[in-house]
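Here is the structure we will look at, set down as structure tokens.
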Amino acid sequence: MLSKDIRKKFLEFFRSKKHDVVPSDSLVPRFDQTLLFTSAGMNQFKEQFLGHNVTFKRATSCQKCLRTGDLEKVGETPSHHTFFEMLGNFSFGDYFKKEAIEWAWEFMTKALSISEDRLWVSVYRDDEESYKIWRESVKIPAKKIVKLGAKDNFWPSNAPEEGPNGPCGPCSEIFYDWGKDTGCGKKNCDPSCSCGRFVEVWNLVFTQFERKGDGKLEPLPNKNIDTGMGLERISSVMQSVKTNFETDLFAPVIQALRTYSPRIRTRDLNAIADHIRAVTFAIADGVAPSNEERGYVIRKLIRKAYMRGNAGEPFLYNMVPKITDSMKDVYPELNTKREEVSLVVKEEEEKFAHALSIAMPILEENLDGVRNNLLEGDKIFKLVDTYGIPLEIIESKAGAKKIKLDTDAFTRLMEERREISRKKSKIEEDIFTLNLFAKAKACDVSKAMPLKTRIELMVKEKHAVSEAIKGEKIELMTNPQSALFYTESGGQVGDTGSISSDSGIAEIRNSIKVDGKIIHIAEVVKGKLAQGDMVLMNINGHRKEDISKNHTATHLLHSALRKVLGEHVHQAGSMVAGDRLRFDFTHMKKLSERELEKVESIVNDYINKGIEVKKEEKTLEEARKGGAMALFGEKYGERVTVVSAGDFSNEVCGGTHVSNTKDIGLFKITRESSVASGIRRIEALTSENAVEWVKKNEEEKRKNAEISRIKEEEKEAARRKLKEAEENIDLLIKKSERIKDTKIIAEIIDNADIAVLRALSDKIRSREKNVFVALASRRDGKAFIVVSVTEDLLQAGIDASSCVREMSRIIDGSGGGRADFAQAGGKNPTGLEDALKLAKALAVNKIGRKE
């Protein structure tokens with residue numbers, strides 16, 4: 001059975017059990033910053049598991065997931081992956097163990113027609129309820145039900161003894177038996193054995209307890225079901241292959257890789273295929289390779305895959321179309337971004353190839369510099385983690401030089417890195433802890449402004465407080481709440497304002513939404529505020545208007561970019577504030593000045609046309625059919641707001657906007673830059689801020705032009721002065737004093753800058769042999785000196801640098817240089833005559849001793 005059929009059967013099966021089929025969320029969690037990547041099917045249902053925003057009681061999905069905790073095992077084992085698809089069914093306070101177990105068995109044995117003889121199950125050792133359902137309801141023989149401890153059959157693992165506190169529960173797993181010919185061959189082999197005979201295909205988690213601080217497990221009022229079955233694993237079972245890499249999910253890439261390089265080892269083929277799948281899906285979801293967070297992971301995957309390929313040139317980008325073609329029916333967005341993803345991967349490969357040309361010499365340098373014949377663990381870690389050199393290459397190079405590696409220290413550092421990655425890829429300890437605002441009762445909502453209201457709840461440093469004084473930062477919720485305050489979302493900042501009572505004033509610095517409630521982040525700036533105070537709330541109306549102008553401008557900018565650069569342009573992020581806007585978009589090249597001017601001109605053209613900006617509420621399907629652009633991966637409700645400006649801009653958006661484009665006034669691009677591979681950024685201003693920027697920019701241009709004019713005039717004056725001086729070189733040489741066969745030139749050339757003196761000195765030395773030159777100038781109340789000597793005088797011990805240092809004291813300055821040329825500057829031009837006399841005396845003294 002093909003993977004696409006398994007996926008379809010699973011979703012349809014649970015649809016028949018009255019589950020809502022929910023599309024996969026993006027690999028980038030939109031509303032959960034505790035996660036680096038979406039790592040499980042339940043991630044997108046966090047709010048429902050908390051008991052909030054429950055619009056459906058049952059859900060099923062096939063979720064794209066990415067994990068990096070076991071990165072080093074990928075390719076080495078049959079079933080470890082970075083990217084995978086997780087099939088799951090979920091219940092939010094609805095059905096529980098009996099239905100979850102019976103439906104899982106029904107799907108495996110009826111929908112997939114897997115023989116019951118091949119299936120085993122495990123339960124938590126103290127979970128008699130699950131054991132009884134498997135034994136009495138499903139009728140599985142007792143010998144095929146394995147009881148395991150909390151490490152293997154509790155979620156989170158070992159939670160009863162080790163925590164964390166919060167919701168938890170036992171789990172039951174379904175295993176497929178490859179048969180006695182696989183694995184250890186022992187008669188008593190069962191799913192508790194790690195020999196490979198039994199493969200876990202489905203995990204059923206029964207969230208029924210809340211672990212308290214004392215380790216006590218208390219029953220939850222609402223019990224949840226969270227199950228997960230890896231599509232790759234169940235596909236290997238259904239296609240009778242022992243590794244996931246032999247399934248149809250990997251076949252197109254593996255085949256292409258074998259054609260490209262027949263000599264690649266199987267484990268390397270598998271790892272490369274896994275990594276490029278992860279990279280393709282992640283980049284399509286907006287993650288660009290970089291040196292931070294998610295981008296760092298994707299960059300690392302590309303580099304590891306590139307090194308395993310040992311191709312010496314970019315090749316991974318050629319695998320992207322194989323993946324997009326095979327997955328386009330399920331994930332159509334992949335196909336639309338195929339070229340974009342390929343270009344990003346290719347650019348990253350080229351960058352890494354260049355980096356390797358630098359890294360390999362660094363490896364050799366590290367090996368050549370070892371002490372006690374041992375390369376330290378921290379150096380190995382840096383070579384692997386920073387420069388991307390695989391450990392095998394380091395081992396090979398070190399072995400050739402008979403150098404040992406401190407692998408213990410390296411392993412420890414790698415484990416620390418993995419632990420950080422694991423923590424970023426899993427739910428934090430208190431992810432399900434009901435926060436103070438979520439627990440608070442719902443409040444009334446008002447559109448009055450100013451709003452008379454009451455402080456319902458006040459929080460400081462995660463603790464509810466009864467009052468706050470001047471200087472303290474707080475989060476607060478009022479009743480009634482102001483519906484006019486926009487809460488931070490979709491790149492638009494939250495509204496600001498003020499809250500005042502008879503006893504104090506607080507400035508609202510931001511507004512956010514928690515469980516549907518409007519929360520204001522504020523600082524008390526006068527007196528004090530207390531819970532229960534009646535207060536007057538005001539919004540910063542002028543700032544709100546500016547934000548609306550900037551937000552509508554980003555929509556016009558988006559459309560203009562697509563018009564100028566092409567349909568491949570998609571929004572990759574934005575920031576809409578009151579004083580500026582920032583727009584990130586997909587594009588491989590830096591925009592030319594002409595392209596930027598054209599984009600800016602198009603936006604201003606649509607502003608000046610005075611087009612009405614419409615906001616219409618539609619179903620998501622109606623919006624898409626109407627051509628409205630929507631952010632891929634963004635979670636939308638059934639009904640959405642579509643913001644349009646004529647036939648030029650049409651987007652799904654919940655932000656604030658002007659009513660007519662002319663309200664924006666002026667749009668001005670201030671900067672274009674690169675954010676990451678394949679992601680460009682434009683920063684811009686609108687309205688008065690744009691006008692002010694243009695004025696300042698024009699004034700800056702005027703000043704720079706004036707400075708340039710003055711500098712040019714000074715250069716021209718210097719050129720004239722040099723020409724004049726050069727015309728008098730013969731006179732200077734003629735006036736020179738002769739000591740033996742040496743000429744001594746010591747003259748003042750007024751109004752010449754140091755550059756003219758240097759050029760004149762060089763001219764004299766190029767024409768004359770055996771010459772000592774000391775030239776000086778008075779200019780703008782300052783004194784300048786240069787001294788130069790020809791090669792033969794150096795032999796006589798005449799040092800221009802020593803001479804200049806002596807002379808600089810007389811002009812209250814300092815100087816220095818080489819033995820054949822030196823210069824000085826000072827603030828006492830009246831001392832130049834004496835300085836030149838000193839120079840002549842020093843030269844005469846040295847020349848007189850010359851034999």
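The values are calculated or read from the model by the stated rules, or taken from the named source; none is laboratory data. In this text, all values refer to a predicted model and were calculated from it rather than measured experimentally. Don't worry about glycine lacking a Cβ; one is built from the backbone with ideal geometry, like all the others, and counts go over all protein chains shown. Each accessible area value is taken on the protein alone, full model and side chains, heavy atoms only, with ligands, DNA and RNA left out. Shrake-Rupley method; radii C 1.70, N 1.55, O 1.52, S 1.80 Å.
Please verify whether the range 810-819 includes one or more residues that are within 27 Å of Arg719 (Cα to Cα) and touching a residue at least 60 places away in the same chain (Cβ under 8 Å).
Let us first name the residues in the range 810-819 that are within 27 Å of Arg719 (Cα to Cα), namely 811, 813-818.
Still in the running and touching a residue at least 60 places away in the same chain (Cβ under 8 Å): none.
No, because not a single residue in the range 810-819 is within 27 Å of Arg719 (Cα to Cα) and touching a residue at least 60 places away in the same chain (Cβ under 8 Å).
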Inset, instruction - Among the strands (runs of 3 or more DSSP E) lying completely within the range 468-582, list those that include at least 2 residues that are within 25 Å of Asn689 (Cβ to Cβ), at pLDDT 90 or above and touching a helix residue (DSSP H, G or I) at 6+ places or on another chain (Cβ under 8 Å). - result: 571-576
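Identify, please: which residue in the range 608-650 is in a strand (DSSP E or B) and of a type in the set (D, E, K, R) and is, among those, modelled with the lowest pLDDT?
Going residue by residue through the range 608-650, those that are in a strand (DSSP E or B) are 612-619, 629, 639-645, 649-650.
Cutting the leftovers down to of a type in the set (D, E, K, R) gives us 612, 614-618, 639.
On the way: Glu612: 95, Lys614: 94, Lys615: 93, Glu616: 91, Glu617: 90, Lys618: 89, Arg639: 83.
Looking at the filtered set, the residue picked out is Arg639.
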Legend entry - All positions within the range 126-157 that are more than 22 Å from Asn222 (Cα to Cα) and either assigned to a loop (DSSP other than H, G, I, E, B) or polar (S, T, N, Q) (or both): Ser137, Val138, Lys139, Ile140, Pro141, Gly149
Legend entry - Residue in the range 800-824 that is least open to solvent (accessible area, probe 1.4 Å), counting only those that are assigned to a loop (DSSP other than H, G, I, E, B) and in contact with a Lys or Arg (Cβ under 8 Å, 6 or more places away or on another chain): Ile811
Inset, instruction - Could you grab the pairs with beta carbons closer than 6 Å, sequence gap of 6+ or different chains, first residue in the range 822-851 and more than 14 Å from Val789 (Cα to Cα) and touching a residue at least 40 places away in the same chain (Cβ under 8 Å), second one open to solvent by 50 Å² or more (accessible area, probe 1.4 Å) and part of a loop (DSSP other than H, G, I, E, B)? - result: Gly826/Asp812; Lys827/Asp812; Asn828/Asp812
Legend entry - Among (1) closer than 21 Å to Ala752 by Cα; (2) within 60 Å of the chain's Cα centre (by Cα); (3) buried (at least 19 other Cβ atoms within 10 Å of the Cβ) - the single one Lys827 does not satisfy: (3)
Inset, instruction - Tally the residues that are within 16 Å of Thr182 (Cβ to Cβ) and crowded, with 24+ Cβ neighbours inside 10 Å, restricting the search to the range 238-248. - result: 1
Legend entry - Residue list for the range 502-540, filter: small (Gly, Ala, Ser) and in contact (Cβ under 8 Å) with a residue 60 or more places away in the chain: Gly516, Ala530, Gly532
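Checking the conditions here, which among Ile679, Ile669 is in contact (Cβ under 8 Å) with a residue 12 or more places away in the chain, over 15 Å from Thr554 (Cβ atoms) and of a type in the set (Val, Ile, Thr)?
Ile679
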Legend entry - Residue that is among the basic types (Lys, Arg), within 23 Å of His275 (Cα to Cα) and surrounded by 15 or more Cβ atoms within 10 Å (Cβ to Cβ), where the choices are Lys57, Lys64: Lys64
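Taking the condition open to solvent by less than 40 Å² (accessible area, probe 1.4 Å), assigned to a strand (DSSP E or B), at pLDDT 90 or above and within 17 Å of Ile748 (Cα to Cα), does Ser788 pass? I'd like the intermediate steps shown before the answer.
Working: open to solvent by less than 40 Å² (accessible area, probe 1.4 Å): yes; assigned to a strand (DSSP E or B): yes; at pLDDT 90 or above: yes; within 17 Å of Ile748 (Cα to Cα): yes.
So Ser788 fits the description; yes.
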Inset, instruction - Residues being open to solvent by less than 10 Å² (accessible area, probe 1.4 Å) and not β-branched (Val, Ile, Thr): count how many of those fall in the range 328-341. - result: 1
Legend entry - Neighbours by Cβ (under 6 Å, 6+ apart or cross-chain): first from the range 119-146, open to solvent by 20 Å² or more (accessible area, probe 1.4 Å); second assigned to a loop (DSSP other than H, G, I, E, B): Trp120/Pro191; Arg125/Gly149
Inset, instruction - Give me a count of the residues in the range 386-405 that are open to solvent by less than 70 Å² (accessible area, probe 1.4 Å) and not in a helix (DSSP H, G or I). - result: 6
Inset, instruction - Check the range 34-57 and report whether any residue there is among the β-branched types (Val, Ile, Thr), part of a helix (DSSP H, G or I) and either touching a helix residue (DSSP H, G or I) at 6+ places or on another chain (Cβ under 9 Å) or modelled with pLDDT under 85 (or both). - result: no
Legend entry - Of all residues making up the range 407-438, the number that are modelled with pLDDT of 70 or more and either open to solvent by less than 50 Å² (accessible area, probe 1.4 Å) or polar (S, T, N, Q) (or both): 7
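For (1) part of a helix (DSSP H, G or I); (2) over 60 Å from the mean Cα position of the chain (by Cα), each residue gets a yes or a no:
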site: Glu683; (1), (2): no, no
site: Ala690; (1), (2): yes, no
site: Glu699; (1), (2): yes, no
site: Lys703; (1), (2): yes, no
site: Ser708; (1), (2): yes, no
site: Glu714; (1), (2): yes, no
site: Arg720; (1), (2): yes, no
site: Lys734; (1), (2): yes, yes
site: Lys743; (1), (2): no, yes
Legend entry - Residues of the range 159-191 classified as under 44 Å from the mean Cα position of the chain (by Cα), among the polar types (S, T, N, Q) and loosely packed, with under 15 Cβ neighbours inside 10 Å, total: 0
Legend entry - Candidate set from the range 515-534 (those that are open to solvent by less than 10 Å² (accessible area, probe 1.4 Å) and hydrophobic (A, V, I, L, M, F, W, C)); member that is farthest from Tyr486 (Cα to Cα): Leu529
Legend entry - Single unsatisfied condition, Ala796 versus (1) of a type outside the set (Val, Ile, Thr); (2) on the phi < 0 side of the Ramachandran plot; (3) free of Cβ contacts under 8 Å to residues at least 40 places away in the same chain: (3)
